[in-house]
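The next block holds one structure in the form of structure tokens; read it before the comments.
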Amino acid sequence: MRHLVLPFYCAVIVGLLMALLARAIYTGADSFVLVCLVGIAYFGWSGVSDTRRNWPAFRAEMQRKSAARRRPALPADDTH
């Protein structure tokens, strides 16, 4: 799961910047609009590129964990 920590943080930052952008547009603070748009673009691009780079490792780790849970059944001991 550690593979997708940075994209998760980027998604949180993008969400906060979108809330700040909405607030800046609502209050008329035009100086924040450009800063928010640049931040949204940068962190959005960074999150998407990092997700694409780390997705194969994340998928392989999930498959290893799934395979570890599906261990073969132990042979029955019928020697009463």
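For the range 9-43, a tally of residues being modelled with pLDDT of 95 or more and either closer than 19 Å to Phe58 by Cβ or among the acidic types (Asp, Glu) (or both) returns 4. Would you confirm whether any residue within the range 51-62 is at pLDDT 90 or above and of a type in the set (Asp, Glu)? Looking for residues that are at pLDDT 90 or above and of a type in the set (Asp, Glu), one finds at least one in the range 51-62, hence yes. Can you tell me which residue within the range 1-47, out of those that are free of Cβ contacts under 8 Å to residues at least 40 places away in the same chain and within 25 Å of Lys65 (Cα to Cα), is surrounded by the fewest Cβ atoms within 10 Å (Cβ to Cβ)? This residue is Arg2.
The values are calculated or read from the model by the stated rules, or taken from the named source; none is laboratory data. Everything quoted here is computed from the prediction, not taken from an experiment. Glycine gets a Cβ as well: all are built from the backbone with ideal geometry, and neighbour counts include every protein chain shown.
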